[in-house]
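K.L.:
Here's a structure for you.
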Amino acid sequence: MKVGVIVFPGSNCDRDMHHVLTDVFDLKAEFFWHEKNLPKNIDAVVLPGGFSYGDRLRAGVIAAHSPIISDVKKMAEKGIPILGVCNGFQILVESGLLPGVLLKNESLNFMCEWTNLIVKNNKTPFTNKLKINQKIPIPIANGEGRYFVDEKNLAKLKKNNQIVFSYENRVNGSISQIAGVSNSDGNVVGMMPHPERAAEKEINQIDHKPSSMIFESLIETLGAKKK
C-alpha cells in the first residue's frame, strides 16, 4: 500500500506525516514535489500542513494551482482516499475538491493548542474505525482555520453527512464548530487539527488511540480495496 505525501514550498509537516505513516503504521509513504506527477500506483494521497508559498494572497490558494493538483483531482474522481491536514485542508478547499472557505481565526491570532474533536461521520476512509460522537484529543496550529459556508450549503453538508469532525468547544469561530468535512463521495477529507501530532503516546499523553484510528481506518480501507 503506497501513500503519496505531497510537498509544496513552505510545507513543514511533511516529514512528521511521513514518519507517522512509515515508522508508526508501517505504510509505504513517498514524498512527491508539487511540480511532479503522481504515479498511477498510488493508493492514497496526503496533503500535509505548513505554509505553502508563505500563505501569500490567501492560505492554500497558490498551491491549489500547482501541477500536481490536476492528478489529485483525477484520483479523487476515481475514489482514491485523499486527506488534507491544516494547510492541506486549505489547499483542497481552494482547489474546489472540498466545499466552503477557511478564514482567519475569530481571534485574528495564530492558534497552537490542544483541543477535542467530535466524530460526526464514521463512514469515510479515515474514520471507519471511530465511533459517532467519539472524542479525539488533538492539537491545532493555524491562523486561518475558521471554516465557513453559507446557510444553504451548511444545510447541504448536514443533509449529505459531509461534516466529518466538529470541535467540542468554540475554538476559532468555525460555523457549527466544524473542524473537518468531506466531499459528497466521502473519499476526500480535510481537517484543520493535526492527527500526525497526536498518534503517538510519547507526544499525546492524554490519549493517542483515537488519532491512531484515523490512520488505522485508512489501512483498513486500503486493505479492503486490495482484496
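The values are calculated or read from the model by the stated rules, or taken from the named source; none is laboratory data. What you are looking at is a predicted structure, and each value in this text was computed from that prediction instead of being measured. Glycine also receives a Cβ, built like all others from the backbone with ideal geometry; neighbour counts cover every protein chain displayed. These area figures cover heavy atoms from the full protein model, side chains too; ligands, DNA and RNA do not enter into them. Shrake-Rupley method; radii C 1.70, N 1.55, O 1.52, S 1.80 Å.
K.L.:
Here are the criteria: (1) within 14 Å of Ile82 (Cα to Cα); (2) in a loop (DSSP other than H, G, I, E, B); (3) not acidic (Asp, Glu). Tell me which single one Met17 does not satisfy.
P.N.:
(2)
K.L.:
When region 188-214 is examined, which residues are found to be outside any helix (DSSP H, G or I), open to solvent by 10 Å² or more (accessible area, probe 1.4 Å) and touching a residue at least 60 places away in the same chain (Cβ under 8 Å)?
P.N.:
Taking region 188-214 and keeping what is outside any helix (DSSP H, G or I), we get 188-194, 198-208.
Still in the running and open to solvent by 10 Å² or more (accessible area, probe 1.4 Å): 200-203, 205-208.
Listed by number, the residues that qualify are Glu200, Ile206, Asp207.
K.L.:
Of the conditions (1) within 25 Å of His208 (Cβ to Cβ); (2) in contact with a Phe, Trp or Tyr (Cβ under 7 Å, 6 or more places away or on another chain); (3) open to solvent by less than 10 Å² (accessible area, probe 1.4 Å); (4) not charged (D, E, K, R), Ala63 satisfies every one except a single condition; which number is it?
P.N.:
So the condition that Ala63 fails would be (1).
K.L.:
Evaluate region 51-58: report whether one residue or more is over 20 Å from Ile214 (Cβ atoms), of a type in the set (Ser, Thr, Tyr) and in a helix (DSSP H, G or I).
P.N.:
Step one: of region 51-58, the residues over 20 Å from Ile214 (Cβ atoms) are 51-58.
Adding the requirement that they be of a type in the set (Ser, Thr, Tyr) leaves 52-53.
Those left that are additionally in a helix (DSSP H, G or I): 52-53.
Yes: one or more hits.
K.L.:
Quickly run through region 30-57 and pick out the residues that are out of contact with any strand residue (DSSP E or B) (no Cβ under 7 Å at 6 or more places or on another chain), touching a residue at least 40 places away in the same chain (Cβ under 8 Å) and surrounded by 14 or more Cβ atoms within 10 Å (Cβ to Cβ).
P.N.:
Once the filter is applied, which keeps residues that are out of contact with any strand residue (DSSP E or B) (no Cβ under 7 Å at 6 or more places or on another chain), touching a residue at least 40 places away in the same chain (Cβ under 8 Å) and surrounded by 14 or more Cβ atoms within 10 Å (Cβ to Cβ), region 30-57 yields Phe51, Tyr53, Asp55.
K.L.:
A further question follows. Tally up the residues in region 67-85 that are open to solvent by 10 Å² or more (accessible area, probe 1.4 Å), assigned to a loop (DSSP other than H, G, I, E, B) and not aliphatic (A, V, I, L, M), please.
P.N.:
Selection size over region 67-85: 3.
K.L.:
Leu27 versus (1) under 29 Å from Leu103 (Cα atoms); (2) among the hydrophobic types (A, V, I, L, M, F, W, C); (3) surrounded by fewer than 22 Cβ atoms within 10 Å (Cβ to Cβ); (4) at pLDDT 95 or above: which is the lone unmet condition?
P.N.:
Evaluating Leu27 over (1) under 29 Å from Leu103 (Cα atoms); (2) among the hydrophobic types (A, V, I, L, M, F, W, C); (3) surrounded by fewer than 22 Cβ atoms within 10 Å (Cβ to Cβ); (4) at pLDDT 95 or above leaves (1) as the failure.
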